[in-house]
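> Please read through the structure below; I'll follow up with questions.
The values are calculated or read from the model by the stated rules, or taken from the named source; none is laboratory data. The structure displayed is predicted, hence computed values, not measured ones. Cβ sites come from the backbone with ideal geometry, for glycine too, and all protein chains shown count toward neighbours.
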Amino acid sequence: MEADTRETDSIVTIEPRVAVVGLGGAGCNVVSVFYNALAPVDTIAINTDRKALDETVADRKLYICKEVTKGEGTRGDAGLGNKCAKVHEENIEKALIGHDIVFLVVGLGGGTGTGAASVVADICNRNNMMTFTIAINPFSFESDRLSVARNGLRSIRAVCPNTFTIENDKVLELMPDATFSEAVRAVNESIMDFVGKTTEAILSRIEAEISSDKLTVSMEIKDRNMPEIQTLSKIKT
Ligand SMILES: Nc1nc2c(ncn2[C@@H]2O[C@H](COP(=O)(O)OP(=O)(O)OP(=O)(O)O)[C@@H](O)[C@H]2O)c(=O)[nH]1
Ligand SMILES: [Mg+2]
């Protein structure tokens, strides 16, 4: 009986295209961190706030609902954030097409990110993208935002089961003397580590599945090792 030669004949190269999509103020701040660190992902920033979007750095920026919000954000109205994203569904879909793995990043408790995330996750689902949402819970001192955050999280989880939460509060336990901006910056940077490790884990799993089919796999994702955030390795998502 002749030996199965597939092991030496087939070479599969996997190069998934990864996008990190920031929604609203917090999400766009996180996207800027990825862009500035030259992380090996495409960065897309979506906001209803003109000024915040101007200050964001990203490969692609989508300014949504100029007419409705006058460029000043939704002022905490998640229903409005949801509507704005729906109005711009076509543009958002165009920016997302071609990606295999998508990480949505949103700060819960405001209007834009909290309302828009489920719309964007739905677009990803329709296009068969592997989608994760990283949802940042507000600080407990932002008491007026907590119920908006809770309801928002529920609506996001309904369309994106792979939703992970990060607690802004947690960083204050680890860095009790941090200013507000130092604390949020530390949280934002820790998200890069999560995205890098999750992408690695997905690729290893695909690799294992392909090799169990007796195919020889050559994995190739540019700069797979994303920068490690040493200072906040204790933050768990
Ligand atoms: N980790 C982190 N949290 C942030 C940052 N900016 C804001 N937040 C948190 O995210 C919550 C939501 O705020 P934003 O993202 O500014 O809200 P938005 O989606 O822009 O909504 P509107 O401005 O109301 O339209 C806030 O209550 C903060 O707790 C940031 O840069 N990093
Ligand atoms: Mg805003």
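> What pairs come up if the first residue lies in the range 165-184 and is over 15 Å from ALA26 (Cα atoms), the second is basic (Lys, Arg) and in a helix (DSSP H, G or I), and their beta carbons are under 9 Å apart, counting only those six or more places apart or on different chains?
ALA178/ARG185
> Answer with yes or no whether GLY79 is free of Cβ contacts under 8 Å to residues at least 40 places away in the same chain, closer than 20 Å to ALA149 by Cα and surrounded by fewer than 18 Cβ atoms within 10 Å (Cβ to Cβ).
So GLY79 passes the test.
> Looking at VAL106, VAL57, which one is closer than 16 Å to ASN29 by Cβ, among the β-branched types (Val, Ile, Thr) and in a loop (DSSP other than H, G, I, E, B)? Steps first, answer last, please.
Values: VAL106 fails: in a loop (DSSP other than H, G, I, E, B).
Answer to the check: VAL57.
> A follow-up question, please. For ASN162, only one of the following conditions fails: (1) crowded, with 16+ Cβ neighbours inside 10 Å; (2) in contact with a Phe, Trp or Tyr (Cβ under 9 Å, 6 or more places away or on another chain). What is its number?
With respect to (1) crowded, with 16+ Cβ neighbours inside 10 Å; (2) in contact with a Phe, Trp or Tyr (Cβ under 9 Å, 6 or more places away or on another chain), ASN162 is out only on (1).
> Can you confirm whether the range 24-37 contains a residue that is in contact with a helix residue (DSSP H, G or I) (Cβ under 9 Å, 6 or more places away or on another chain), modelled with pLDDT under 95, over 24 Å from ALA78 (Cβ atoms) and aliphatic (A, V, I, L, M)?
Checked against the condition, which is being in contact with a helix residue (DSSP H, G or I) (Cβ under 9 Å, 6 or more places away or on another chain), modelled with pLDDT under 95, over 24 Å from ALA78 (Cβ atoms) and aliphatic (A, V, I, L, M), the range 24-37 yields no hits at all.
> From the list VAL31, VAL18, pick out the single residue that is more than 15 Å from ligand 1 (Cβ to nearest atom), of a type in the set (A, V, I, L, M) and either under 22 Å from ASN127 (Cβ atoms) or in contact with a strand residue (DSSP E or B) (Cβ under 7 Å, 6 or more places away or on another chain) (or both). Quick ask: steps written out before the conclusion?
On the way: VAL31 fails: more than 15 Å from ligand 1 (Cβ to nearest atom).
That would be VAL18, the only listed residue that is more than 15 Å from ligand 1 (Cβ to nearest atom), of a type in the set (A, V, I, L, M) and either under 22 Å from ASN127 (Cβ atoms) or in contact with a strand residue (DSSP E or B) (Cβ under 7 Å, 6 or more places away or on another chain) (or both).
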